[in-house]
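Quick notes on the structure that follows.
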Amino acid sequence: MSNSSELHKRRSVAVARGVSSMLASYVDHAADGTLTDVDGREWIDLAAGIAVTNVGSSSPRVVAAVQRQAERFTHTCFMIAPYESYVAVCEQLNALTPGAFEKRSALFNSGAEAVENAVKIARHATGRRAVVVFDHAYHGRTNLTMALTAKDMPYKHGFGPFAGEVYRVPMSYPFRDGRSGPDAAALAISTIEKQVGADQVAAVLVEPIQGEGGFVVPAEGFLPSLADWSRANGALYVADEIQTGFCRTGDWFASTHEHVEPDLVTTAKGIAGGLPLAAVTGRADLMDAVHPGGLGGTYGGNPIACAAALAAIETMHELDLPAAARRIESVMLPRLRELQRRHPFIGDVRGRGAMLALEIVVPDSSEPWGPAPDPARTARIQRRAHEAGLLLLTCGTYGNVIRFLPPLVIDDATLHTALERLASALDDQD
Ligand SMILES: Cc1ncc(COP(=O)(O)O)c(CNCCCC(=O)O)c1O
């Protein structure tokens, strides 16, 4: 097998440069919390493939289920010749997502595809066209989901024109706006009512904790206020749980934290242990508003991905991964707060469960939108961490958030070593 530098040379004349990679190393194998490249170099993995390998990179149940299914059949197209595992995954989603009402689900391949279809369903169910999204939102890279996504570079730059009838309103961002949840919701709702028109809104689409936009945890009361307003005004409250779902935040779904029951929920990432699968789940009457044949796609709910999902969900139950996420929080959050006390450039420590983050700022600075972001220092910290064998992701509208997304099956010893490597990467910045 080629080594990483040989693979990098091959890649440069085979793969379009628009598809970038953070590491210049190529993975040979992975375990529950580590990645090893073809040259034998190991990293502790606090990325989980962007919140995907919650049950680990090769969970035994998932591997066995994938092998069994592949030997029976790899694909028939559920729209042509259906199979049980698709139905079983929908039954699981209907039972596990928040809301004690009758539900239906539809399966897709990517998160963006799920979001696209949630908008299709909401427009059909309400007869309305407008979709409300938030500052700092991220919902995908297709034309409609780019319109829904906030940040220009790298996601939207040069790809317009974008789909219409998408309206952006202020998000609750406590570190920068200092507003209470109800006050932030009042501002968003006033913007909707004055600039969109309540009776035009098909959906209010929000991430319960914003992912790519910076692990922004809205102030308590923000999400319930939006859900109440949506219901009172005939709009659907749609929770995009693609990054927060499947035990990541310490509950099966992040909406549960404030007892919000979304009309529709989009899921993907952690659902299937690394296999590509996504879904829209929602109130049965809303999901069934679409005419037969109105939803679908060739690969949606691929049988191997469905088998992986059933095995992954079984693993989440068996290992009690919501509790595992809460344990990760109990280990990491105190250490992150201790690091904040040592380093004034750590402006904020936030998150829930195993979805935690540091916002990096210029100490004692202030811009009209709060403390001055420091993306350059953020990049240096990330680079130092990689050199020390710690795989970290950044995010945020201002490129100044370091996020932590460990696999939920990571063991305490590996987590403590990761925190030591993080501490040394931060110390190198002073
Ligand atoms: C909330 C939320 N909704 C939707 C999506 C989109 O999911 P896809 O499976 O990447 O299409 C995401 C994907 N987030 C990671 C994208 C990384 C990148 O492309 O650079 C998300 O987090």
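The values are calculated or read from the model by the stated rules, or taken from the named source; none is laboratory data. What you see is a predicted model, and the numbers here were worked out from it, not measured in a lab. Backbone-built Cβ (ideal geometry, glycine too); neighbour counts: all protein chains shown. Please note that ligands, DNA and RNA were not included when accessible areas were found on the heavy atoms of the full protein model with its side chains. Shrake-Rupley method; radii C 1.70, N 1.55, O 1.52, S 1.80 Å.
Out of everything in the range 22-62 that is open to solvent by less than 60 Å² (accessible area, probe 1.4 Å) and assigned to a helix (DSSP H, G or I), what residue ends up being farthest from the ligand (Cβ to nearest atom)? Looking at residues that are open to solvent by less than 60 Å² (accessible area, probe 1.4 Å) and assigned to a helix (DSSP H, G or I), I get Val62.
Here Ser172 fulfils each of the conditions (1) free of Cβ contacts under 8 Å to residues at least 60 places away in the same chain; (2) open to solvent by 50 Å² or more (accessible area, probe 1.4 Å) apart from (2). Of all residues in the range 347-378, those satisfying the criterion of being in contact with a strand residue (DSSP E or B) (Cβ under 7 Å, 6 or more places away or on another chain), surrounded by fewer than 22 Cβ atoms within 10 Å (Cβ to Cβ) and not charged (D, E, K, R) are Val349, Pro371, Ala372. Close Cβ contacts (under 6 Å, 6 or more residues apart or on different chains) running from residues in the range 105-127 that are without any contact (Cβ under 8 Å) to a residue 12 or more places away in the chain to residues that are within 16 Å of the ligand (Cβ to nearest atom) and of a type in the set (A, V, I, L, M, F, W, C) are absent. For the range 229-244, filtering for residues that are more than 16 Å from the ligand (Cβ to nearest atom) and either of a type outside the set (Gly, Ala, Ser) or in a loop (DSSP other than H, G, I, E, B) (or both) leaves 6.
For every residue, the table says whether it meets (1) under 12 Å from the mean Cα position of the chain (by Cα); (2) in a helix (DSSP H, G or I).
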site: Leu205; (1), (2): no, no
site: Gly214; (1), (2): yes, no
site: Pro218; (1), (2): no, no
site: Ala227; (1), (2): no, yes
site: Phe246; (1), (2): yes, no
site: Gly250; (1), (2): no, no
site: Val260; (1), (2): no, no
site: Gly282; (1), (2): no, no
site: Pro292; (1), (2): no, no
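Of everything listed in (1) within 16 Å of the ligand (Cβ to nearest atom); (2) open to solvent by 20 Å² or more (accessible area, probe 1.4 Å), the single unmet condition for Phe108 is (2). Among the residues of the range 111-132, write down those that are within 11 Å of the ligand (Cβ to nearest atom) and either open to solvent by 10 Å² or more (accessible area, probe 1.4 Å) or not in a helix (DSSP H, G or I) (or both). Hits for the range 111-132 are Gly111, Ala112, Glu113, Glu116. Criterion first (over 18 Å from the mean Cα position of the chain (by Cα) and either open to solvent by 40 Å² or more (accessible area, probe 1.4 Å) or not acidic (Asp, Glu) (or both)) does Tyr167 satisfy it? So Tyr167 fits the description; yes.
When we screen Gly297, Gly301 for residues that are crowded, with 21+ Cβ neighbours inside 10 Å, within 16 Å of the ligand (Cβ to nearest atom), assigned by TED's automatic domain parsing to the domain that holds Gly214 and in a loop (DSSP other than H, G, I, E, B), the only hit is Gly301.
I'm checking my understanding of the structure. Among residues of the range 63-99 that are part of a loop (DSSP other than H, G, I, E, B) and free of Cβ contacts under 8 Å to residues at least 24 places away in the same chain, which one is least open to solvent (accessible area, probe 1.4 Å)? Step by step, filter the range 63-99, then rank; the result is Ala81.
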